[in-house]
Amino acid sequence: MFISNEDELQYHCAMQSFKNYFGINPKIFLTDKEDALQNVISAVFPKATNLLYIWHINKNILKNCLNKFDKCEQFDYFMKEVN
């Protein structure tokens, strides 16, 4: 199924089709910070855990924290400790 819009209706159709076709209920989903997708996962698979993909977390840290450090080495150490 191709999702042309990343909205809740499209995600719901895709997730419900997945559930009906495969007949499984995943325990974990790994997604980005897509609110519509997270809402649908909670509705269609209420017992599943949704984890945020670490790449997105690191990208957000880079965007918002890099300028807080005086030296690259300090930031590198920080990132090593975070991960």
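The values are calculated or read from the model by the stated rules, or taken from the named source; none is laboratory data. In this text the structure is predicted, and so the values were computed from the model without any measurement. Ideal geometry is used to build each Cβ from the backbone, glycine not excepted, and the neighbour counts take in all protein chains shown.
The single condition from (1) surrounded by 11 or more Cβ atoms within 10 Å (Cβ to Cβ); (2) at positive phi that ALA14 fails is (2). When segment 25-48 is filtered for residues that are closer than 20 Å to ASP7 by Cα and not aliphatic (A, V, I, L, M), the ones remaining, listed by number, are PHE29, THR31, ASP32, LYS33, GLU34, ASP35, GLN38, ASN39, SER42, PHE45, PRO46. Kindly indicate whether any position in segment 11-22 is in contact (Cβ under 8 Å) with a residue 24 or more places away in the chain and either basic (Lys, Arg) or in contact with a Ser or Thr (Cβ under 8 Å, 6 or more places away or on another chain) (or both). Yes, that holds for at least one residue. Within segment 35-53, the set of residues being loosely packed, with under 14 Cβ neighbours inside 10 Å, part of a loop (DSSP other than H, G, I, E, B) and out of contact with any strand residue (DSSP E or B) (no Cβ under 7 Å at 6 or more places or on another chain) comprises PRO46, LYS47. Of all residue pairs spaced 6 or more apart or on separate chains, those with beta-carbon atoms under 7 Å, a first member in segment 27-53 that is under 13 Å from TYR11 (Cβ atoms) and assigned by TED's automatic domain parsing to the domain that holds CYS13 and a second member that is among the acidic types (Asp, Glu) and exposed (fewer than 13 other Cβ atoms within 10 Å of the Cβ) are GLU34/GLU6; ALA36/GLU6; ALA36/ASP7.
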